[in-house]
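Beneath this line is the structure, given in structure tokens, with notes to follow.
The values are calculated or read from the model by the stated rules, or taken from the named source; none is laboratory data. A quick note: this is a predicted structure, and the numbers were derived from the prediction, not measured. Methodologically, a virtual Cβ is constructed for each residue, glycine included, from the backbone with ideal geometry; neighbour enumeration extends over all protein chains shown.
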Amino acid sequence: MRFFYNESMDPYFNQAYEEYIFNHYREGVNFLLWRNGPAVVCGAGQCVPAETNLTLAAREKVAVVRRPTGGGAVYHDAGNVNYTFMAPARGKHIDYARFLQPVVAILRALGIEARMDGISELMLGDYKISGNAQKIAADRVWHHGTLLYDTDLDKLRQLANGKRVFVDSRATASRPAPVTNIRQWMAEPFTDTEAFMQAFLAELDRTYGPLTRVELSPDDLAAIRDLAEQKYRTWAWTIARGPAFTFRRMFIWRGAPLTVTYRAKRGCIETISFEPNHPEAALALRGVRVKRHDLARALEAFPDLDGLAPELF
């Protein structure tokens, strides 16, 4: 089994790193172990504004990333460990147990009584500790998951929580569940998340190895940085790639009721209406990207609505 230990904490680079390995190391089984800085990572088929508190993420400089695999939105930080398996596919059907059973065995060897639940989750008691996603392409399967070891759960709840109640879409919806940190369930927890990672890795090597560590070349790393810049950091991938959606919200704006309804496709507003009516503003917002800067700039010309942009996604 090849082993890739990615020490980067950049969520955009790390997503590009995964894709690069999937596309360029096509033989046998690959295993990746990595962490992200603070980030919300959404599934390929999700409506990002519905799943992520974009206003809070922007204020706290939390990355928002769309991954190429399915599933729901998850929050990452340095207390969360990410693992990835890439292997020859066995047919065309998703098979989570193939990769989750070894993870459960490793965790139990470390004194953590994890169990599979449903199709793609790992649990401790009644609490979720791991969400997983898969993709099959060109006879290869890409499986990755999270392990909440010592994550800031308050931030998780705040950030992986967008304006779902205001959004109507056929997008894949997240299924929020009670979560916990592995550390809280251990009689003798590891000193930190890094120590947990190393213990996990050692057990993987002992029971499913040997692991052959692969070091990427400077050219490989340069290609990954380019992919991160050209794809994963872009509005076109993160927002415009998502499904069409309708946003409708009623609230008190500057002391008076206001209802905003708009339809967005490929990340841009197709139609929008206000109650009470603001016909000139509605006309000005057609075709504008669902992006704070663009919305704010379009609304500057309308004093009654200036400052409304953060409320529109």
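In summary, strands (runs of 3 or more DSSP E) completely within segment 42-144 and bearing 1 or more residues that are of a type in the set (Phe, Trp, Tyr) and either touching a Ser or Thr at 6+ places or on another chain (Cβ under 9 Å) or in the same structural domain as Gln198 (by TED's automatic domain parsing) (or both) occur at 74-76, 80-88, 127-137. Taking the criterion of being assigned to a loop (DSSP other than H, G, I, E, B) and surrounded by fewer than 21 Cβ atoms within 10 Å (Cβ to Cβ), the residues of segment 22-37 that qualify are Tyr25, Arg26, Glu27, Gly28, Val29, Gly37.
Taking segment 170-186 only, how many residues are surrounded by 19 or more Cβ atoms within 10 Å (Cβ to Cβ) and in contact (Cβ under 8 Å) with a residue 60 or more places away in the chain?
If we filter segment 170-186 for residues that are surrounded by 19 or more Cβ atoms within 10 Å (Cβ to Cβ), which is where we start, we get 171-172, 174, 179, 181-182.
Pick out the ones that are also in contact (Cβ under 8 Å) with a residue 60 or more places away in the chain and you get 171-172, 174, 181-182.
Residues that pass the stated criteria total 5.
Arg98 meets each of the listed conditions (1) of a type outside the set (Phe, Trp, Tyr); (2) surrounded by 17 or more Cβ atoms within 10 Å (Cβ to Cβ); (3) out of contact with any Asp or Glu (no Cβ under 9 Å at 6 or more places or on another chain) apart from (2). Could you tell me whether any residue of segment 212-219 is assigned by TED's automatic domain parsing to the domain that holds Tyr25, assigned to a helix (DSSP H, G or I) and either in contact (Cβ under 8 Å) with a residue 24 or more places away in the chain or within 28 Å of Arg115 (Cβ to Cβ) (or both)? Among the residues of segment 212-219, not one is assigned by TED's automatic domain parsing to the domain that holds Tyr25, assigned to a helix (DSSP H, G or I) and either in contact (Cβ under 8 Å) with a residue 24 or more places away in the chain or within 28 Å of Arg115 (Cβ to Cβ) (or both), which makes the answer no. Mind checking whether some residue in segment 256-265 is outside the structural domain of Ala171 (by TED's automatic domain parsing), loosely packed, with under 13 Cβ neighbours inside 10 Å and over 18 Å from Pro49 (Cβ atoms)? Within segment 256-265 (the criterion being outside the structural domain of Ala171 (by TED's automatic domain parsing), loosely packed, with under 13 Cβ neighbours inside 10 Å and over 18 Å from Pro49 (Cβ atoms)), the answer is yes, since at least one residue qualifies.
Conditions (1) surrounded by 13 or more Cβ atoms within 10 Å (Cβ to Cβ); (2) out of contact with any strand residue (DSSP E or B) (no Cβ under 7 Å at 6 or more places or on another chain); (3) not in a loop (DSSP other than H, G, I, E, B), marked per residue:
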| position | (1), (2), (3) |
| --- | --- |
| Ile269 | yes, no, yes |
| Ile272 | yes, no, yes |
| Glu280 | no, yes, yes |
| Leu283 | no, yes, yes |
| Gly287 | no, no, no |
| Asp294 | yes, yes, yes |
| Ala298 | yes, yes, yes |
| Leu305 | yes, yes, no |
| Pro310 | yes, yes, yes |
